[in-house]
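Below you'll find the structure, written out as C-alpha cells, and then a few comments.
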Amino acid sequence: MVSIVSVAQKHPSNWRGIVQLLGGIGRRNPLPLVSLTLLTIIGNTRTGLYVLSLGGITEALIVQNRRQAIMWALVFLGAGVMEQLYWPFRNHLRSIVVDDAGVLLQKRVLLKSAQVPLEHYEHAPFFNALTRANDDLGGRSGTIISLVFDLLQVLILFASILAPVWFIDARIVGMVVIGCIPLFISTWHTAHTYYEVKTRNAPIELYASKLSDLILQRDAAAEIRLFGTGPRLVQRWLGARNNVAEQSIRAVGIVTRSQFAGEIFVAMSMAAAITLLVHNLLNGRAPLGSLVAVVFAIVWSIDMVGGLAYVTRAVRENGAFLNDVFVFEEEATRFQRPAPAIASRSTGPMKVRLKNASFRYPDTDRDVVHNLNLEIAAGEHIALLGENGAGKSTLVRLIAGLYTPTIGRVYQDDSIATDNRDDIGAVFQDFERWQLPLRDNVGFGNINQISDDTAIHRALEKSDLGNLPQELEDGLDTWLGREFGERDLSGGQWQRLAIARAFFRNARLLILDEPTAALDPLAEQRLFERFRELAAGKTAITISHRIGPARSADRILVMDRGQVIEDGTHESLMNRNGMYASMFRSQQEWYNHDSGETD
Amino acid sequence: MSSGSNSLVAIQPLLGESKRSLLSRVRSFIWLIGKLAETIPLPFICWLGMNILQGSMPPFQIWASGKLVNAIQVRIDGHQANPWLWAILMASGLAGSRLLAPTKSWCEAAIHEQGVPAVHSRVLERTTEVDLALLEYQAFHDVALRIAEQANQTLKETLKTLGDILTNVIPIIGAILIISRIHWLLVAALFLPLIPLLAVSLRQGDLVWSALSKQTRDRRIAQYIAARFSDRQAAKEIRLFGLADELIQRWEVHFTATRKEMRGKITRAFLRLQLGGTGADVISYAVLIWAITGRFVHLTAADITVLMGAFMTIGNQSFQLQQATLDIGKHGGFAADVRAFLNLPAPCAVIPTSATIPPQPLSITLDHVSFAYPGATANVIDDVNLTIPVGQTLAIVGENGAGKTTLLKLILGLYQPDSGRIFFGDRDLQSIPIVERQALMAAVFQSFSRYPESILENITIPKGHDAAELERVISEAGLDRMIADVPDGIETILSPDLGGIDLSGGQWQRLAIARAAYRNATILALDEPTAALDPLAEVDIFKRFAQLSDNRTTILISHRLGMTRLADRIIVIEHGKITEDGTHAQLLRNNHHYAELWEMQSRWYR
C-alpha cells in the first residue's frame, strides 16, 4: 500500500533508531545487555579454535604424535564445550534483552495512545500511524534486537574463521575476502528486490487474504453453496496469487542471475585460494594436516558472507518500524490532551448541558453535530431517534466526554465534559467482546471491584446471566471467546455481558445504544426491561432503533443532519406532526391494520 | 444413522489430534510432497536434482582431498604424481556446491509461488464444498481454519525439510561410505555414541517444544491486549471505563511472565542436550586417537585427511539432520490433516452440466423431516411435515434458537435431513443436481456475503451480465441513488482497504437483496432481510417485498410481525416443531404464541 512504500522510502536508514533503542535498554537494565555483548564477542571466537585444532589433530595423527593429538583434541573439545555453553546462555540473555526492548517500546506506545482523545481514531493519518506503530510492536522490537546481535555474531565468526588461515598464508585470506565482495553486494540487492516486490504486491496480497477470509469464515458459507460462488472465489484467489507469483518469479530471475555472477567470483577466488594452498603444501611451507582445516575455513567463511549481507539488510529493513514508532509519537504528542482532573464527586443522577456545541472530525469540513443547545435534567430518561448518520452516536460521545466539541461546550453537571471519570456507564451497540476471562468482561465496568466475586455474580444475575459461571469450567475465571477460550458465547449472551458490565459500574449517567441485530421479540422485550432497571434512578440516554418502545421515555429527541429537530414527549411530538409522527405512523401502519381482530 | 454422526465419522481423523503413527505421518509427508510435485513437475524435478547434486558435493570433495594429499606426499617423496588434477577436482566440488545454490533457489521460488498456492487453493475449494452443517460444527471449523491458515507456511517448510534431508543425508551417507572403506571399526566408533544422544535430544526437544508453545499462548494474549489500543471499538471502552493502566499492566504480565518462568527451564534443557553432544564427541575422539596412534589401524596421511574431513562433515550435518527429522514428524501431521481434509465428501461441489434446465415453479413438500447438528444429540428440527404450494408466500416466526433458519437451510438443500425426505414437485431434493438447485433457488441470508469486489460483481456473482435485468434489480432494491452517488458508479470497489468505499449495514443488506433478485429464481428465501436497517429503511424494504415475492414461492423469516403478516401463510416454530399454521387472522384467533407476540409488538403503536 501507499503508506508502506512511503515510509520505506522516506527513511532509508534506521541505525539511529536502533542505537537509541539499545541505549534505552542499557539504561533500563544494563547487565544482560553488556553480558550478551561480551558473550557474543568471546563465544564466537570458537570457530577459529575449531579450524586451528582440526589442523592440529590431523597433522598430529599423520605424524603419529599421540601427545599432540590429545592436546589438539582437547582444544577441539574445549571449543565444542564453549559452543555448547554459548547457545543456551546466548539464548537466555538474548531473550531477556529482547523482552526489555519489547516492553520499552510497546508500553510507550500503549500509554501514549491511551492519552489521545477518541475522535482522532477517526482521523486517518493518526489512526494509520497508530496501527502501524502498535502492530506486534513487542515482537518486532525483539526481532530487530536479535538481528543486531546476529550481525555482531556473523562478523566475529567470519573474522575468527579466517584468523588461523592468516598465519598459514595471508594471501589466502585476501583471496577469500576479495572474492566474496561481489557476492556480498548481490545478496544485499537480493534482499532489497524481495522487499520491493513484497511492498508493491501488498494490495494484491490484501485482496487475496480478504477472499480467503470470506471463504473460510462461516458467515458466507450458506450463500457460497446456494449461489455456487465457490469456484469463482477460489479462481479469483488463485488469480491474485498468480499475479503476485509472476512478479516474484521475475524478481527471483533477476536475483538468480546476479547471485550466479557473485558465485562465479566466489568459485574463482576458491580456486585461487586452493592453488595457493597446494603451492604451500608442495613447498613444505604448510604441513599436510592443514589442508582439511583450510578447506573447511574457506567453505565456512564464504557461507558467512551470504548471512552477513542478509542480516545487514534485514537490520535495516526490519528497523523501518522504529520510524513508525517515532512518527506515531510525533502525531500523538500533537493531539495529546492533558487529563483534566476528575470532577468533584457528586451523588444522584448527572445533569448534562450542551452550549452551542458543534463537532466535526479532524480534517473534515462538515459538522456532524451542529450548534447544539441542549439541557438534560438530572434523572431524565431520553430517547434519541434518527436515521443512520444523523449524528446520534456522535452526540452521545460528546456527552460522555469521549469527543471534545470543535466549537462550544459540553458540561457534565457543571464542569467541562471529560471521559476521565468513573460515573458514566455505557452499553454501545458495537460493544467489545473481550476475549478474556468472564470476570474481566464484567469487572472492567469497575476495575477497583474486579476481585469482588459477590458483586460480579450480582451484576450477572441482574442481566439474566446468573447461571453462566456454573456452566463454565473455571467459573468466573473461564476465558471467553474463540481467541483464547474453549467457550464462545452466543450474540445474545455477549450482549447481556455488556449490560452486566454497565450494571457493575456505579453510574450516574447511562448511555445505551440499543442493538439492531436480529433479536427475537421476546428477547428484545427482556432487553428493554433490563435497560429500564439499569436506568432507574440515573440519567439515561437511549439511542433507540425501534420507534414504538421509545415512546415510554420522559423525552424524545429526533436528530437529523447533526441537529435536534424535534424535542418533546410522545404526545407533543405526535401533535406536532413532524418527522417523529411520520416515523411512528409508518411503523404503526404495519401493526394497526385489522388490529380489531386481536380482541 | 443420522447424517450428522455419519459426517462426524468422516472427520474423526481430523479431530483426534496427534494420534497418528510416525509411519502414517511419513507417508502423508511423502503424499503432500507428491501433490506439490504434481502441480509444478518441471521445477520440482530440477529442484530435486539440485539438492541431490548439492548433497553429493561434500563427499566428492572429501574423496578428492584424500587423493590430493596422497599425490602431494608422492610428489614430496620425489616420485611422479599430478596433485593439480586432484586440486582442480576438489575445488570444483567446493565451487559446484556454491554454483548450484542460485539455480536451486530459483526452482524453490517457482514451487513456492506456484505450487504452494495451487495446493492451498484446493484446501480453500474443499472448504466451499464440504457439507454446510459440518463446516458450521465448531470443532471441524477450527480444523479447517487451522489447515488453511497454516497451508502456505507449512507447505514451504515441508519442501524445505525435504531439501534439508537430502542435502544432509547424502553427505552423511557419503562420509560413512568413505570411512567404512578405511576401516569399518571407525564407523562404529564414530556413530555408536550418537545413539544415546539422539534419545536425549528427542526428550529434551519435546520439553522445549511444550515450553515454547505455552509462551506462544501468552504472547498471543499480549498481542491481543496491545491491539485493543488501536481498535476503535475497544478504544471507547478503554477510555470510558478507565482501563488503560490495568490493560497495560496485564499486557506486560503476559508479554514477559511466562517467558521469565520458562527461560530457566529452556536453558537447562538445552544445556543437557548440548553437553550430551560433548560427551559423544569425547568418546569418538578418544577412540580415534587411541586407534590411530596406537597403530591398531594403520592409516596414511591421505586416509587421515579423508577421515577428519568426513568426521567434520558428519558433525556439521547431523545436527541439521536431527532437526529435519523432527520436522518430518511435525509436518507429516499437517500433511495427514490436509490429506484427510481433501478426501472429505464434497456434496456442494459445483459440477458444471451442459444441459441447462429452465427452472420450473415447483411445490415443496417436507415429509417427516428431522435434523440434528453434527455432534449434537437433540433434534433442531423434529419430524416436520409441510407443503408449500407453487407461488405461496410463507412466513416463519419463532424465537431465536427455535429452528427457523435450520428449517430454511433444509428446504434449500444446504443441510441433509437425518430422517425424512424433501420433495420439489415429485423429485427428491437429494436427486436434483447441485447446479440445477442453484438455478432454482435464491436467498438473502442473515449473514450475507460482502465481496471485496465491485458493486456490479457483488450483484451478478457468479452469473454473467444482463443489463436490463441489472437495472431492474437495482431499482427493486432501492440502490439507484447510492450507485449514482459513489465515485465509480457500479464499478466502485466495495472495500476501503483496496481503494474503494465501504457501505453502511443497510446498504449492504440492499445489495444482498439485489443479488438474490438478480438470480431470478423461482424460490426465494429471506432470512431477516431488514435486520441492519433503520426503521424508515425497513419500511421501505417492506414496501418492496410484494414486488420481490411476486410470481415466486417465497419463504420469509422475520421477527417483525408487521412484515410477516403480509404473507399468505404464517407458521410458528417452537423447539423444532410447527406449532401454529395459518393466516395472520387465523393465528390471532387461535390466541396462542403468535397472538402473544403480535400483542407485544403492536401495543407500542396503539
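Just so you know, all these numbers are worked out from the coordinates, no wet-lab data involved. Note that this is a predicted model, so its numbers are computed, not measured. Methodologically, a virtual Cβ is constructed for each residue, glycine included, from the backbone with ideal geometry; neighbour enumeration extends over all protein chains shown.
For the range B:305-332, backbone nitrogen atoms closer than 19 Å to the point 7 Å from B:ILE76 Cα along Cα-to-C-beta are found at B:305-309. With one equal scatterer per alpha carbon and no solvent term, the Debye-computed log10 I(q)/I(0) for the range A:35-93 at 0.19, 0.20, 0.21, 0.30 1/Å reads -0.65, -0.69, -0.73, -1.09. Placing unit charges on each Cβ (+1 for Lys and Arg, -1 for Asp and Glu) gives chain A a dipole about its Cα centre, and among A:ALA69, A:ASN323, A:GLY139 the Cα reaching farthest toward its positive end belongs to A:ALA69. Here r is the Cβ-Cβ distance between B:ALA468 and A:ASN242 and R0 is 25 Å; the resulting FRET efficiency, rounded to 0.05, is 0.15. Helix B:467-476 axis versus longest C-alpha principal axis of chain B: approximately 60°, rounded to the nearest ten.
For the range A:244-380, the Kirkwood hydrodynamic radius from C-alpha pairs, put into Stokes-Einstein at 20 °C and a viscosity of 1.002 mPa s, yields a diffusion coefficient of 90 µm² per second.
Backbone amide hydrogens, once placed in the peptide plane, bring B:LYS463 within less than 5 Å of nothing, excluding anything fewer than 5 places away on its chain.
Per-residue shielding of B:456-466, expressed as the average number of other chain Cβ atoms within 10 Å of the residue Cβ, stands at 2. Report, in listed order, any pair from B:LYS214/B:LYS236; A:LYS112/A:LYS392; A:LYS462/A:LYS538; A:LYS107/B:LYS156 with a Cα-Cα distance greater than 23 Å. Beyond 23 Å: B:LYS214/B:LYS236; A:LYS112/A:LYS392; A:LYS107/B:LYS156. In sequence order, the range B:45-57 has phi-based couplings of 4, 4, 4, 4, x, 4, 5, 5, 4, 4, x, 8, 5 Hz under the Karplus curve 6.51 cos²θ - 1.76 cosθ + 1.60, θ = phi - 60°, and Gly or Pro positions carry x.
Between B:ASP568 and A:ASP219, the simple spin-label model (points 7 angstrom out along Cα→Cβ) gives 3.5 nm.
Here the protein assembly as shown is assigned +1 on the Cβ of each Lys and Arg and -1 on the Cβ of each Asp and Glu. Its dipole about the Cα centre then comes out at about 4360 debye. Mind checking which lysines have their Cα closer than 29 Å to the Cα of B:LYS409? Skip sequence neighbours fewer than 8 apart in that chain. Of all the lysines, those that pass the test against B:LYS409 - Cα under 29 Å, at least 8 places apart if same chain - are A:LYS210, B:LYS463, B:LYS543, B:LYS577. Only Lys, Arg, Asp and Glu carry charge here, each on its Cβ (+1 for the first two, -1 for the last two); on that basis chain B has a dipole of about 2420 debye about its Cα centre. Subtracting the Cα-Cα distance of A:GLU471 and A:ASP554 from 0.36 nm times their residue separation leaves 26.0 nm of extension gain. Put a plus charge on the Cβ of each Lys and Arg, a minus charge on the Cβ of each Asp and Glu, and nothing anywhere else: the dipole of chain A about its Cα centre is then about 2280 debye. In chain A, helices alone account for a calculated mean residue ellipticity at 222 nm of -21500 deg cm²/dmol, with every DSSP H run of four or more residues adding -39,500 (n - 2.57). Projected label points at B:VAL282 and A:ASP430, each 7 Å from Cα along the beta carbon direction, are separated by 6.5 nanometres. Model label sites at A:LEU111 and A:ARG334, defined 7 Å from Cα along the beta-carbon direction, differ in position by 2.3 nm.
A compact globular protein would have a Cα radius of gyration near 2.2 N^0.38 Å; the ratio found for the range A:445-566 is 1.19. Per-residue 3J(HN,Hα) values for the range B:218-232, derived from phi via the Karplus relation 6.51 cos²θ - 1.76 cosθ + 1.60 with θ = phi - 60°, read 5, 4, 5, 5, 4, 4, 4, 5, 4, 5, 4, 6, 10, 10, 4 Hz in sequence order (x marks Gly and Pro). Amide H contacts of B:ALA525 (H built 1.01 Å from N, in plane; Pro and chain starts excluded): B:ALA442, B:ALA443, B:VAL444, B:ILE555 sit under 5 Å, all sequence-distant by 5 or more or on other chains. Shown is the FRET efficiency for B:PHE319 and B:ARG268, computed with R0 = 22 Å from the Cβ-Cβ distance and rounded to the nearest 0.05: 0.70. Using C-alpha pairs under 8 Å with a sequence gap of at least 6, the mean separation divided by the residue count of chain B gives a relative contact order of 17 percent. Of the beta bridges DSSP finds with both residues in the protein assembly as shown, what % are antiparallel, to the nearest 5? Close to 50 percent. Between B:ARG481 and A:GLU589, the FRET efficiency estimated from the beta carbon spacing at R0 = 30 angstrom works out to 0.80. When the range B:458-606 is described by a simple charge dipole with +1 on each Lys and Arg Cβ and -1 on each Asp and Glu Cβ, the residue from B:SER495, B:LEU556, B:ALA516 located farthest towards its positive end is B:LEU556. Compared with the dominant Cα axis of chain A, that is its longest principal axis, helix A:137-168 is turned about 0°.
Phi-derived couplings, Karplus 6.51 cos²θ - 1.76 cosθ + 1.60 at θ = phi - 60°, listed residue by residue for the range A:277-289: 5, 4, 3, 4, 5, 5, 7, x, 6, 10, x, 4, x Hz, with x used for Gly and Pro. Computed over the range B:371-474, relative contact order equals 16 percent, with contacts defined as Cα pairs under 8 Å that lie 6+ residues apart.
Beta bridges per DSSP, both residues in the range A:453-599: antiparallel share near 45 percent. Size descriptors for chain A, from the alpha-carbon set: Rg then Dmax equal 34.5, 120 Å.
Rg/Rh for chain B stands at 1.13; both radii use Cα atoms, and Rh follows the Kirkwood definition. Dipole of the protein assembly as shown computed with +1 at Lys/Arg Cβ and -1 at Asp/Glu Cβ about the Cα centre; of B:PRO389, B:PRO529, A:GLY78, farthest Cα towards the positive end is A:GLY78.
Note on B:125-136: average number of Cβ atoms from other chains within 10 Å of each residue's Cβ is 5. In plain terms, the chain from B:ASN590 to B:ALA188 could stretch by 135.5 nm, reckoned as 0.36 nm per residue minus the Cα-Cα distance.
Distant-in-sequence amide contacts of B:GLU574, defined by a placed amide H-H separation under 5 Å and a gap of 5 or more residues or a different chain, comprise B:THR579.
Compared with the dominant principal axis of the Cα atoms in chain B, helix B:116-129 is inclined by about 30°. Projected onto their three principal axes, the Cα atoms of the protein assembly as shown cover extents of 125, 76, 54 Å, largest first.
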